[in-house]
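Here is the structure we will look at.
Just so it is clear, none of the values below were taken in a lab; they were calculated from the coordinates. Given the structure is predicted, the values throughout are model-derived calculations rather than measurements. Neighbour counts are summed over all protein chains in view; Cβ atoms, including those assigned to glycine, are modelled from backbone coordinates with ideal geometry.
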Amino acid sequence: MNWQLPLMLAQATEKAKDNLEELRARTEAVSIDGTTVPDHALERSAEFSSNPFATDYWFPEQASEFASRVDFLYMAIFWISLVFFVAIVGVMVYFCIKYRRKGDVIDPQPSTSHNTAIEILWSVLPSILLVWMFYVGAEDFFNMRVPREDSEEILVTAKQFGWVFTYPDGDQSPELHLVEGQPASLIMQSEDVLHSFYVPAFRQKMDIVPGRYTYAYIEPSKTGQYRLSCNEYCGSGHSKMKTMAEVHKSAQARKENTEWIEAEKPMWENGEHIYQIQCSGCHKVDGTKATGPALNMIWGTEENVNNGEKVMVDRAYVQKSIWEPNADIVDGYSPKMNSFKGILDQQDINRVISYLQYLKAKENFDGAEEDFYKEHPEFSKDVLEGDMDESVPTAVEGGAKADAPSVPAANAEEAQPAAATAVAVEEPVAKAPVVEAPADAAVEAPTLEAPAVETPALEAPAAEAPAVEAPALEAPTE
Amino acid sequence: MVDSSARKALFDTPETHFLNCTKGWKSWAFTLDHKRIGIMYLIGVTIALLLAGTFALVLRTHLWAFDGALPMSDDMYNQMFTLHGAVMVFSFIIPSVPAALGNIVLPMMLGAKDVAFPRMNLASFYLWIIGTGMLLAAILSGYGLDTGWTFYTPYSIETQTGVIWATFGAFVLGFSSIFTGLNFLVTVNTMRSKGQGWFQLPLFIWSLYATAIIQVLATPVLGITLLMLIAEKTMHIGIFDPKYGGDPVLFQHFFWFYSHPAVYIMILPAMGVISELISVYSQKRIFGYSFIAFSSVAIALLGFLVWGHHMFTSGQSQVVTLIFSAITFTVAIPSAVKVFNWLATLYKGSILLNTPMCFALSFIFLFGIGGLTGLFLGALSTDIHLHDTYFVVAHFHFVMVGGTLTALLGGVFHWWPKVWGRMYNDFLGRVSCFMVFAGFNLTFFPQFVMGSRGMPRRYASYDPEFLAFHQLSTIGAFVLGWGIVLAVGVLIYAAIKGPRCGANPFKAASLEWQSSSPPDFHNFVHNPLLNDPYDFDAMVFDEELGTYISREFADPSKVPPRKEPVHH
């Protein structure tokens, strides 16, 4: 069989596509949102050797210390197997040609049907090879499983359908970031069902079992981006539960990729980061339906939920659906989400809400990128979360009280005012809240009166608008 | 010595035989005849094969494009591969050779009238229907089934799909398998012909016996496991789901304690078929009879001790992992011994390359690859890389499809003239064999490459670097599918319209060929003449009947002299 054929086919397909951008878009559509697809995944075919007897025909590049050992044993077994296979099939074909029946004459020649010496010989000889394979495999296995003393500990949390990697300094990221030459010991846990951690370039794999910790050990030896995938079937999004393992030159370079929640970022950007780590496995932001509803347009809309009622997607509902996801499920979806209580606190939820507001504003805006920030200065990169330090805790308290999940009936009534409270409380603080307020007003508006959507947005600086509207909304809470 | 008319009465196609001795659907539905039950089983497993094969083609078509070629959600893809696996394993492969071919052939090879417990035999078939029905009910229930055929916890406990229907179906199918196994054990122990010692049995019987031991000892564990899974799912008793204090790895231990021996339920009878085919079509005494016989038993026993090699990455202790790896390598020896013995049997034979022999030779080729790639998975460090990738998918398909399905087809072609008294079109048969062989290799060989390059299994979409290999694989799957359809077509046509063939067209020496084709309702109208199943010189061609019969029955004036006896 011509094993150049796959390569030729692959090249032909590449050509037909021609457009790498389109390829990238299609690939990212089958990955977790916000996760970069390693370039390897797009253009690897050419990197593999076309010679099926070479190691790099069978394997992706070696990015960990023990990868070469695994490849060595693999190729050794490959050659031993090949010799045996060629011998077996060769003898078989030779006999079939030499002793084939000619015409109808059946004339088997007499030969012995039993020979203990030869039977023992061909039982014992292969056994010696098997012992060798077992020994090498076992030795390398222990090298792969027993961590070095100086390895750093990275906490891996797998869940349907995404990954969270927590580094020794508390940073978190949805991709695995490692430092070249720095051995890493992964301490892995699952929040729901079985998963499996697999990076082919590291030749490392370990199941992640709910209810216990499992461990994997890596000595990264080459910088680059590698595929990381879930390898144990885990449900509807299994084939999308893949991300990237990146090996950096230095700890500093890694730090740039793992910095997480930061005061010097806009609130919505922190929200986006939380979304990527915690939500993107099941919720898309490009409008497509996944395990859960898409989030880009959902803020401020009215959704039918499974108990037959309608629910406004506001602060109260967002908080409730994160902490008690199975209480009010949007029609057309099933109760698959686990509670994030204890994982996302009130402040995190506010960040996510800010991100939802940003997404909605972005969807409703059709203009140049830079004009967006002119029209929505509240999302500008200058409005930092750190500047809101004083206001946020207040908002948290106010929100938490009003949205107390134990009183669902009150929730529905107070949903509207609760949102308004948040706006109102933020108001007195100098810069940020003033600009944030209109956003809230804008997205709340459709429920009150459809045409009003445009109004605050058009009155761009809009310092007045919230001042007028906010107190009016605030009234019912008091 | 018997005269010409007596010979005709014994060996010519009779007016009344098991196919037409009684008529009407009830005579089939309530039959206790092992041959009719075997035929019904054969029809049943063929339907299961075609159904599950169709699921496979849907999967392969979807994988034509890396982001999915069919408008199918990932959930639907997951249900497809689950049903493909579950129906193939529980409803097709496990009953295929033992319950379908074994039922037809085993009592006749012993010179018996039927199996020991004919009613239990029929019950086994009806349990098969009920169990398969329940598996399929999982689809019809509207929820589908999306756990993979392994039902791994805790996903199987949390999913909303029809797990209870399906596990109960597998539970019932387990009983069907136990009934068959028990029947065969008792039949072989108690109903051999007078004077037929264990070492005068055809090797197919040895392999069915070894299989039956596994069926009877291992299947109850599956039953218990599945019941516990249902209990966990409905009552939360806290055994498999960590949410209630259970352990998911425990489920894997239980599951593989059955399902690894089940691999040998699938492959051992297939090896038995191959031992028969190789010796008959090379007209040579099987080489190393006792080594092959004992290797079947050795495989059956060792098969109970290696279940942990499915769990090298599962979180089981590393010492246990080491031990399982060591024992796994020991299973390689008896399997290799069989292959070497088959090759030695071909030596100096008179090899007829007809359809069954072509299937037997492609079995050696494919099982060779399947077995040798097992070495990569038995060694620990390489298995860590290859576990749950397409490499594993390719490996077990080479063993189960390249092995069992090929042997089943070979066996069916071999015994088809015996069952229907009619011959198939050998040319078309060989074409179908070639299509199955070529299509199979094209489907699964690229998967080895994908697997070692890191393509995980059970993915509905994949990275574009694997595109070309997936497309080759898809093309191969359709060739394989049409090959199987052609084989089925050739067989059905032969059963209805094929030319009449005599009692023993292949000069085979085991007892089932001493009856007419199709056989009498009671299998033999005379006491079969006990002879060595691999002494082909004991059969001579009778011009008048146009078929091979025992020397003792033939006209002494026309019997050629015995060949030089060879010590054995």
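Can you give the angle from 0 to 90° between the axis of helix B:318-346 and the longest principal axis of chain B, with both taken from C-alpha atoms, to the nearest 10? Value to nearest ten degrees: 30. Antiparallel beta bridges, as assigned by DSSP with both residues in the protein assembly as shown, represent about 75 percent of the total such bridges. Calculate the spin-label point distance for residue A:334 paired with residue A:364, positioning each point 7 Å from the Cα along the beta-carbon direction, and give it in nanometres. For residue A:364 paired with residue A:334, the spin-label model returns 3.5 nm.
Each of B:278, A:238, A:144 was placed along the dipole of the protein assembly as shown (beta-carbon charges, centred on the mean Cα), and the one lying farthest toward the positive end is B:278.
Only alpha carbons enter this Debye calculation for chain B, each as an equal point scatterer, and the log10 of I(q)/I(0) it gives at q = 0.06, 0.10 Å⁻¹ is -0.30, -0.82. Using a cut-off of under 15 Å, list every residue of the range A:101-142 whose amide N is near the label point 7 Å from the Cα of residue B:353 along the Cα-to-beta-carbon line. Those under the cut-off are A:101-103.
Volume per residue of the convex hull around the Cα atoms, evaluated for the range A:77-141, comes out as 100 Å³. The length gained by stretching the chain between residue B:76 and residue B:297 to full extension, at 0.36 nm per residue less their Cα-Cα distance, is 75.4 nm.
Rg/Rh for the range B:1-92 to two decimals, with Rh computed the Kirkwood way over all alpha-carbon pairs. Show your work: numbers first, answer last.
Details: Rg = 22.7 Å, Rh = 17.1 Å.
Expressed as Rg/Rh, it is 1.33.
When only C-alpha pairs under 8 Å and at least 6 residues apart count, what is the relative contact order of chain B, in percent?
Details: 991 pairs, mean separation 104.2, N = 568.
Relative contact order here is 18 percent.
Distance between the 7 Å Cα→Cβ label points at residue B:189 and residue B:47: 3.4 nm.
The range B:465-516 and the range B:302-342 have Cα centres spaced 32 Å apart.
Per-residue extension of 0.36 nm, minus the Cα-Cα distance of residue A:83 and residue A:155, leaves a gain of 21.5 nm for this segment.
The Cα center of the range B:241-272 and the Cα center of the range B:20-61 differ in position by 27 Å.
Straight-distance candidates among the lysines for linking to residue B:23, with alpha-carbon spacing under 21 Å and chain neighbours fewer than 8 residues away dropped: B:35, B:113, B:418, B:497.
Residue A:373 to residue B:434: FRET efficiency via 1/(1 + (r/R0)^6), r the Cβ-Cβ distance, R0 60 Å, to the nearest 0.05?
0.35
Considering only GluC sites (Glu not before Pro) in DSSP loops that have at most 15 other Cβ atoms within 10 Å, the longest stretch of chain B without any of them is B:16-542.
Can you give the charge dipole size of the protein assembly as shown about its Cα centre, rounded to the nearest 20 debye, using +1 on the beta carbon of Lys and Arg and -1 on the beta carbon of Asp and Glu?
Numbers: 68 positive and 106 negative charges, 1788 e Å.
With Lys and Arg at +1 and Asp and Glu at -1, about 8580 debye.
The Cα trace of the range A:176-219 gives Rg and Dmax of 11.0, 33 Å, the first to one decimal, the second as a whole number.
Go ahead and run the numbers for FRET between residue B:529 and residue B:123, Cβ-Cβ distance against an R0 of 41 Å, rounding to 0.05. Walk me through the intermediate numbers first.
Details: r = 34 Å, r/R0 = 0.82.
For R0 = 41 Å, the calculated efficiency reads 0.75.
The distance from the alpha carbon centre of the range B:345-408 to that of the range B:75-102 is 19 Å, rounded to a whole number. Distance between the pseudo-spin-label points of residue B:543 and residue B:141 (7 Å out from Cα toward the beta carbon): 6.8 nm. Rounded to the nearest 0.05, the FRET efficiency derived from the C-beta distance between residue B:330 and residue A:146 at R0 = 25 Å is 0.45. The angle separating the long axis of helix B:406-420 from the principal Cα axis of greatest extent in chain B is about 40 degrees.
When you filter the GluC sites (Glu not before Pro) in the range A:213-290 for DSSP loop state and at most 11 other Cβ atoms inside 10 Å of their Cβ, you are left with A:264.
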